[in-house]
1. Hull surface divided by four, with the convex hull built on the Cα atoms of the stretch 428-469: how many nm²?
2. Enter the angle in degrees (range 0 to 90, nearest 10) between the Cα long axis of helix 18-27 and the first principal axis of the Cα atoms of the chain, meaning the one along which they spread out most.
3. Give me the compactness ratio for the stretch 1-91, meaning the Cα radius of gyration over 2.2 N^0.38 Å.
4. Mind grabbing the base-10 log of I(q)/I(0) for the stretch 391-437 at q = 0.21, 0.26, 0.28 Å⁻¹? Debye formula, identical points on the C-alpha positions, no solvent, two decimal places.
5. Express in % the proportion of alpha carbon pairs of the chain at distances exceeding 47 Å.
6. Kirkwood Rh, the stretch 1-158, all Cα pairs: how many Å?
7. For residue 330 and residue 39, calculate 0.36 nm times their separation in residues minus their Cα-Cα distance, and state this gained length in nm to one decimal.
8. Angle check, please: helix 460-471 long axis (alpha carbons) against the longest principal axis of the chain (alpha carbons), in degrees 0 to 90, nearest 10.
Amino acid sequence: MIISYLWLKELVNHTLTPEELAEALTCLGLETTITDDKRGAFNKFIIGKVESVEPHPDADNLNITLVDAGGDPIPIVCAAPNVRAGQVVPVALPGAKIPDGPKIEKKKIRGEISEGMICSEAELGLGEDAAGIMVLDDSCKPGTELAECLELEDVMLEVDLTPNRGDCLGLIGIAREVAAATGAELLWGLGDDTGRVNDEPALENLEVRIDNPGNCPRYTARGISGVTVAPSPFKIRRRLAASGVRPVNNIVDATNYVMMETGHPLHCFDMRMIDGEKIISRSAAKGEKFTALDGREHTLSDWMPVIADAEKVVALAGVMGGKNSEVSGDTKNVILEAAYFNPKAVRKTAKKLGISTESSHRFERGVNPETVDSASLRAARLIAETAGGVVKGFADVYPRKVEFPKITLRTEKVNKTVGLELTDEKIADCLSRLSFDFKHESQGFFSVACPPYRHDMDQEIDLVEEVARLVGYKNIPSTTARIAQHESSPEINFIHRGKLNSLWAASGFTETINYSFINSDWRKNLTGGAEENTAVVTNPINADWEELRGSLLPGLLNAAAYNLRQGEEKISTFETGVVFKRSGISEIEERFLSAGVMTGGEEELFNVTIPRDFH
């Protein structure tokens, strides 16, 4: 997760430097490093206003401009074809260093004095547009530092999140962590201050329905009419690009901006493309075809959650929208989707189809189902602000509230696990700083309601870890563990396996270690078909690791084939390891096998079974 230091400052009123912020987050268990530091990169760059434009007397493609830079107008020779009087522009004064370019100096250009340079987005390193100068809005005053006006001297930090911390895949989550660590005030919390607009009229002539509540517990839609699709304001484009998200247009950018801010993925459909005036969350039909926004066509399985209209699939739920309903340059009315999708269903769909998106990355880790409507309202307001649209209606289908557990937390358990002597008051302070809803039931006992943005919390030990994070791992003293002395001997099997491996090595074989996962095609090529006792992986890491191996031969033969392709003429390898087979519905039986492969000349195959309980 890439975060902007200046953007984060808008959400939490902290006083930490970027370096202190990185250290504070790391101490909370969110490893953070500075990846891009623009401080001081825009010295001598200011805001200017073009007062006049005259043709250069000795060059057809040049103009002489007079620019108000906060004092007396200065002359600047400019080659941009779009320069006009009255424009507010970025100006590099003598002494400024163009990113990846020259240092600006006062000089004569074809006999005329030029005391600076009017810059394009590309020259400033702020975009790809090099066709003309960058034109700013009138809110930027001549003489103001460019970095101050455009938020350029930012510091980007990368937070290396573990899979359980989906709540920090939005700046609001990071802000919550900073507030907990420092006591700083949260300046904007998703939910209460935006609120839900209960008196909005319902979406006219549009039915919103959920047919698969297990995969889509909540779905909201907002209608926004009269939008004008255009590039987003520079501030939005800069923040998205700095966060690793490519700006597209003001509609798509608004949804991505709110996603980066809140952690809630959102999506817009062109209302013209929705058939039958219906938005339906359902499961795909077996073999149903769908072309995603990236242009790839997919054949869907009947368990995959999709969003459809009356005729067709218009989105893979939580993964990617469809080409058949995307926002284009002539879109006028949109439907804004904000929903909560089952994390397991989204992950399974994304893995099966080989798709990974910013949206699926967040849904897989769990978003907050209780603030779906607030994120939608935030995005709708941003679209209306940047695209001139009007929010015309709202639909919220939430048939059954998603429940989160209540956990009993014991002070004794915290102290025994952490190794401190914390009081009830200290633990209550930690829970308060984390914004957890809790009740102090009695001395040494708390009842804690898990917040809906923390899908990783369902046991007492999870709360113990939260308290430890807030206390600070560095404040937990080191102690020497007391271990009872007793005689022990190595496992007999371990000794025998070592002897067996030594025999292989003495015979000229080299040991290999292969993955325990295999592709089903490898097994079928050896056995000629399926086996009932195959241990199939329900949710494989990738398509090539579908099964747990029932033999060592697939790995050995695959490795031998690879080495033969590399030019090896003689191969003698062996492996001793665990293989698996299914016994019953859910039981997996493990066995140790030892096998060897020899190629070149007299090919032989060795396969030795070691009983699990051999001596």
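1. Its Cα hull, projected and averaged over all orientations, spans 2.9 nm².
2. The two axes meet at around 20 degrees.
3. 1.73
4. -0.83, -1.04, -1.10
5. On the way: 68664 of 188805 pairs.
Summing the P(r) tail past 47 Å for the chain gives 36 percent.
6. Result for the stretch 1-158, one decimal place: 17.2 Å.
7. Here the segment from residue 330 to residue 39 would lengthen by 100.8 nm.
8. 50 degrees
Computed from the coordinates by the stated procedures, all read-outs in this text should not be read as laboratory data. The shown structure was predicted, so the numbers you read here are calculated from the model rather than taken from an experiment. Because the Cβ atoms are built from the backbone with ideal geometry, glycine has one as well, and the counts that use them run over all protein chains shown.
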